[in-house]
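Submitted below is the structure of interest, expressed as structure tokens.
The values are calculated or read from the model by the stated rules, or taken from the named source; none is laboratory data. Keep in mind that what you see is a predicted model, and the values were worked out from it rather than measured. FYI the Cβ positions are ideal-geometry reconstructions off the backbone, even for glycines, and counts take in every protein chain you see.
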Amino acid sequence: MPFKPSEPRAAALAPAVCLALALLSGCGPGDGAGSRPAGASGASGSASVPAVQDRALQAELEQQERVGQAHPRDHVRELQAIEARAAVGSAERLEALSQRAALLAQLRDRSGHEAAIEAIKAWPEAATTRSQIPLALMLARAQWLKANGELGAGVRLLGGLADIDAATADRRLMWRATELRAYIQGDYGEVDAAVESGLKALEQSRAMESRWRAAHTEATLAFNYYRSQQFDHAKRTAREALQAAQQDPDPVLLYSVHTILGIVHSQDEDPKLSQQAREQALQYAREAQAPGLQALALGNLADYELRSGNYARALDLSTQSLALAHESGDISTEILARYNSGIAKIGLRKLEEGKRDVLQAITMDAQREAGGYTAESWLELGTYLEKFDDLPGAVEAFHQSRREFDEVLRDETRKAVLEAQARFEDQQRQREIRLLNQDNSLKAEQIRTRDLQLKLWAEVGGCVLLSGALLALAYRRIRRTNAALAQTNESLRVQSERDPLTGLANRRHFQQAIAQRTRDGGLRGSLFLIDIDHFKRINDQWGHAAGDTVLVEVARRLCGVLREQDLVVRWGGEEFLILVTSEATEDARQLGQRLLDQMGGQPVEHGSLRIPISASIGFASFPMAPQDLTLEWERAIDLVDTVMYMAKAHGRNKAYGVAAMQARDRDQLLALAGRIESAWHQGQVQLVSLLGPTQESRA
């Protein structure tokens with residue numbers, strides 16, 4: 001089941017990593033020897049008793065920290081018992097409370113976690129550990145944000161680590177916070193910053209001379225190297241993590257490290273290392289007697305078998321994973337198991353049964369508001385249905401994926417616009433302050449100029465000319481300042497409406513432009529939606545730099561075909577949208593053929609590589625023949641999106657255009673659009689089919 005759109009299918013292991021590293025990313029504060037237990041006497045001769053008990057409690061807490069996440073509910077109760085035995089205000093009590101908060105976040109127990117937060121906030125003012133409370137609160141809150149997918153808020157919260165004095169902060173608490181920051185930054189897409197934080201956490205763990213902490217940190221660092229496409233660094237760091245873990249082993253630690261090894265070797269030509277690592281992870285999960293970890297490990301192995309085409313084996317592993325997920329109450333693992341089971345059944349050509357399982361998993365994901373995962377799941381379902389000849393099901397899945405991606409894009413766009421608006425308003429305020437300061441300086445200069453005029457007027461009339469020159473200079477300075485401000489504002493506006501990679505207009509520009517063109521009614525003109533075929537395969541095979549080169553070259557080819565007054569937009573990802581003023585179906589057909597020929601005529605050169613490309617295109621001209629019906633631009637895009645996916649489902653490297661639709665009014669037109677393929681076969685819709693050029697084989 002897909003988990004990150006930007007990563008290959010092996011990223012289905014990511015939840016295992018997330019859970020395996022969850023506790024170490026947010027447990028508790030560090031060493032605090034010397035604290036008294038509750039009720040200890042202060043009389044002489046008894047001082048050694050608390051010290052011995054402190055060391056015993058610290059040893060218990062160290063073990064809890066290492067293996068607690070394997071059975072979180074049991075260890076929450078054990079940590080409560082340790083808290084009751086530790087002295088009020090002691091470092092041991094704070095550590096037990098912080099570890100418990102981390103486990104409650106892992107369990108998503110909101111009321112329990114909030115109670116733990118309140119207990120940390122109510123820490124005694126006179127306690128020597130009071131200075132650690134801000135860091136403990138930051139860590140506990142960030143752990144909750146991570147567990148609930150609020151990554152942006154977590155990154156911003158942990159940015160406060162820069163204000164923490166590392167010299168006085170508890171070392172273990174600081175290490176956990178830095179480790180958590182590295183993981184959240186990687187999940188949020190700030191991979192370079194994640195690597196930097198990971199290196200800092202590794203330095204901290206080595207300063208503590210803790211091999212198991214170094215192993216955990218190296219595992220997280222290897223995962224972030226993998227995310228940043230630095231595969232050699234990822235493999236080397238994962239091997240170092242395994243060496244460190246073997247020097248101070250426990251089953252949970254070895255499970256985590258072998259899970260990472262399975263991920264970083266998932267791109268190898270020889271899959272044996274990845275398979276062996278996944279099987280080792282399963283063995284250690286069983287040794288830890290942790291049903292949740294076993295369920296995840298079985299899910300990872302099932303994912304590997306799916307990618308290898310071993311559908312029967314994948315189904316067996318998914319069934320085992322589902323049973324253990326039920327036992328452990330892990331909803332995310334249950335979703336993964338149901339999804340993999342459905343895909344395996346589709347691979348075994350049990351299409352209807354498989355689709356039911358996949359749809360149930362997608363529904364459960366949607367209920368958890370996992371929009372990005374849901375969209376990826378629909379897309380992958382469509383790919384498998386197409387592979388096993390269920391073309392109507394594949395088209396429907398592709399459509400649903402498009403709708404989910406659009407919804408996620410709208411949410412992300414809305415957030416990005418709000419953030420950009422806040423930044424712009426802040427910049428605007430700063431500019432206004434600068435202009436106000438300039439205005440005050442100018443007024444002060446004018447006052448001094450007038451004083452000088454009065455003095456010099458009495459002495460010599462020639463100073464009047466000098467005063468006039470000073471005023472003219474000030475006036476020109478103001479004009480230059482205003483002109484520069486206007487130019488800056490215009491530059492910001494243009495940048496906000498352009499795609500930075502291709503230089504084409506973006507959705508924001510299109511929405512403003514289309515509002516002008518449709519002011520008097522529906523859309524008029526010819527609309528084209530273009531999708532680069534197998535673009536994800538290009539990224540996976542040759543890297544994202546090659547993918548960027550393909551996008552830039554496609555933009556150049558499209559502009560070479562079009563006129564200056566035509567509108568071409570990078571619609572999102574590998575999709576491009578074109579709007580031309582011509583309303584003639586024949587003109588649209590000719591342009592569609594030229595676009596296919598331009599896209600697939602020559603491979604794209606990237607260094608020494610020659611990358612063959614092609615495209616699937618959907619187009620239509622409005623008003624729609626024969627009744628000259630018009631549509632709103634959103635509905636028009638939905639129509640060309642539908643025929644574009646028909647071109648993709650019918651073999652790619654082709655275009656379908658809507659020439660006419662037998663509809664009396666707009667509502668009937670939309671009804672035909674909703675079932676366009678069947679309407680085409682029934683003769684109610686007339687389509688134009690175009691073929692692209694023959695593709696040369698890949699080098």
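Please specify each residue of region 237-255 satisfying the condition of being closer than 20 Å to residue 279 by Cβ and of a type in the set (A, V, I, L, M).
Scanning region 237-255 gives 238, 241, 242, 245, 252, 253, 254.
Report the residue count in region 630-657 for those that are within 19 Å of residue 391 (Cα to Cα), in contact with a strand residue (DSSP E or B) (Cβ under 8 Å, 6 or more places away or on another chain) and part of a helix (DSSP H, G or I).
10
Name the residues in region 241-259 that are farther than 13 Å from residue 296 by Cα and either in contact with a Phe, Trp or Tyr (Cβ under 6 Å, 6 or more places away or on another chain) or polar (S, T, N, Q) (or both), would you?
Once the filter is applied, which keeps residues that are farther than 13 Å from residue 296 by Cα and either in contact with a Phe, Trp or Tyr (Cβ under 6 Å, 6 or more places away or on another chain) or polar (S, T, N, Q) (or both), region 241-259 yields 243, 246, 247, 248, 251, 253, 254.
Please go through region 124-149 and give me each residue that is of a type in the set (D, E, K, R) and in a loop (DSSP other than H, G, I, E, B), ordered by number.
125
Going through region 386-403 one residue at a time, which ones are of a type in the set (A, V, I, L, M, F, W, C) and under 18 Å from residue 531 (Cβ atoms)?
Taking region 386-403 and keeping what is of a type in the set (A, V, I, L, M, F, W, C), we get 388, 391, 394-395, 397-398.
Selection gives 391, 394, 395, 397, 398.
Is there any pair with a first residue in region 348-363 that is free of Cβ contacts under 8 Å to residues at least 60 places away in the same chain and part of a helix (DSSP H, G or I) and a second that is surrounded by 16 or more Cβ atoms within 10 Å (Cβ to Cβ) and of a type in the set (Asp, Glu) whose Cβ atoms are under 7 Å apart and which are 6 or more apart or on different chains, and what are they?
That search, which allows pairs on different chains as well, returns 351/390.
Look through 89, 152 and report the one residue that is farther than 22 Å from residue 210 by Cβ and in a helix (DSSP H, G or I).
Testing whether each residue is farther than 22 Å from residue 210 by Cβ and in a helix (DSSP H, G or I) leaves just 152.
Follow-up question, since we're still on this one. Pairs under 6 Å by beta carbon, first residue surrounded by fewer than 21 Cβ atoms within 10 Å (Cβ to Cβ) in region 386-399, partner at pLDDT below 85, six or more apart or different chains?
386/394
From the residues in region 449-487 that are among the polar types (S, T, N, Q) and either modelled with pLDDT under 70 or within 18 Å of residue 436 (Cβ to Cβ) (or both), which one is surrounded by the fewest Cβ atoms within 10 Å (Cβ to Cβ)?
Filtering region 449-487 for residues among the polar types (S, T, N, Q) gives 449, 453, 467, 481-482, 487.
So of that shortlist, the ones also either modelled with pLDDT under 70 or within 18 Å of residue 436 (Cβ to Cβ) (or both) come out as 467, 481-482.
On the way: 467: 16, 481: 15, 482: 11.
Of everything passing the filter in region 449-487, 482 is surrounded by the fewest Cβ atoms within 10 Å (Cβ to Cβ).
Is it the case that region 506-528 has a residue that's modelled with pLDDT of 80 or more, within 22 Å of residue 611 (Cα to Cα) and surrounded by 15 or more Cβ atoms within 10 Å (Cβ to Cβ)?
In the first step, residues of region 506-528 are kept if they are modelled with pLDDT of 80 or more; the result is 506-515, 522-528.
Subset that is within 22 Å of residue 611 (Cα to Cα): none.
No, the conditions are met nowhere in region 506-528.
May I ask you to list the residues in region 295-329 that are touching a residue at least 12 places away in the same chain (Cβ under 8 Å) and either closer than 11 Å to residue 345 by Cα or of a type in the set (D, E, K, R) (or both)?
303, 305, 306, 307, 311, 312, 314, 315, 318, 327
Check region 217-224 and report whether any residue there is under 28 Å from residue 294 (Cβ atoms) and surrounded by fewer than 21 Cβ atoms within 10 Å (Cβ to Cβ).
Checked region 217-224: no residue is under 28 Å from residue 294 (Cβ atoms) and surrounded by fewer than 21 Cβ atoms within 10 Å (Cβ to Cβ).
Given the criteria at pLDDT 70 or above, part of a helix (DSSP H, G or I) and under 23 Å from residue 675 (Cα atoms), does residue 394 qualify?
Answer is yes for this residue.
Then there's this: Within region 658-674, can you find the residues that are in contact (Cβ under 8 Å) with a residue 24 or more places away in the chain and either closer than 24 Å to residue 515 by Cα or crowded, with 23+ Cβ neighbours inside 10 Å (or both)?
658, 661, 665, 666, 669, 670, 673, listed by residue number.
Across region 209-236, which residue is nearest to residue 273 (Cα to Cα) among those that are in contact with a Phe, Trp or Tyr (Cβ under 7 Å, 6 or more places away or on another chain) and either in contact (Cβ under 8 Å) with a residue 24 or more places away in the chain or among the charged types (D, E, K, R) (or both)?
To start, the set of residues in region 209-236 that are in contact with a Phe, Trp or Tyr (Cβ under 7 Å, 6 or more places away or on another chain) comprises 213, 220, 233-234.
If we keep only those that are either in contact (Cβ under 8 Å) with a residue 24 or more places away in the chain or among the charged types (D, E, K, R) (or both) too, we end up with 213, 220, 234.
Working: 213: 24, 220: 19, 234: 14 Å.
Among them, the one singled out is 234.
On to the next question. From the set of residues in region 639-657 that are free of Cβ contacts under 8 Å to residues at least 40 places away in the same chain and out of contact with any helix residue (DSSP H, G or I) (no Cβ under 7 Å at 6 or more places or on another chain), which is surrounded by the fewest Cβ atoms within 10 Å (Cβ to Cβ)?
Ranking the candidates gives 651 first.
Return yes when residue 627 is free of Cβ contacts under 8 Å to residues at least 24 places away in the same chain and surrounded by fewer than 22 Cβ atoms within 10 Å (Cβ to Cβ) and no when it is not.
no
Related question: Taking the conditions exactly as written (surrounded by 15 or more Cβ atoms within 10 Å (Cβ to Cβ), at negative phi, in a helix (DSSP H, G or I) and touching a Ser or Thr at 6+ places or on another chain (Cβ under 8 Å)), does residue 591 satisfy them or not? Walk me through how you get there before you give the answer.
Working: surrounded by 15 or more Cβ atoms within 10 Å (Cβ to Cβ): yes; at negative phi: yes; in a helix (DSSP H, G or I): yes; touching a Ser or Thr at 6+ places or on another chain (Cβ under 8 Å): yes.
Spelling it out, residue 591 is indeed surrounded by 15 or more Cβ atoms within 10 Å (Cβ to Cβ), at negative phi, in a helix (DSSP H, G or I) and touching a Ser or Thr at 6+ places or on another chain (Cβ under 8 Å).
Name the residue that is nearest to the chain's Cα centre (by Cα), counting only residues in region 242-272 that are under 19 Å from residue 317 (Cβ atoms) and in a helix (DSSP H, G or I).
263
Given the structure, is residue 303 surrounded by fewer than 21 Cβ atoms within 10 Å (Cβ to Cβ), farther than 25 Å from residue 64 by Cα and acidic (Asp, Glu)? Before the answer, list the steps.
On the way: surrounded by fewer than 21 Cβ atoms within 10 Å (Cβ to Cβ): no; farther than 25 Å from residue 64 by Cα: yes; acidic (Asp, Glu): yes.
No; evaluated as a whole, the condition is false for this residue.
Would you confirm whether any residue within region 97-112 is assigned to a helix (DSSP H, G or I), modelled with pLDDT of 90 or more and over 27 Å from residue 73 (Cα atoms)?
No, there is no match, as no residue in region 97-112 is assigned to a helix (DSSP H, G or I), modelled with pLDDT of 90 or more and over 27 Å from residue 73 (Cα atoms).
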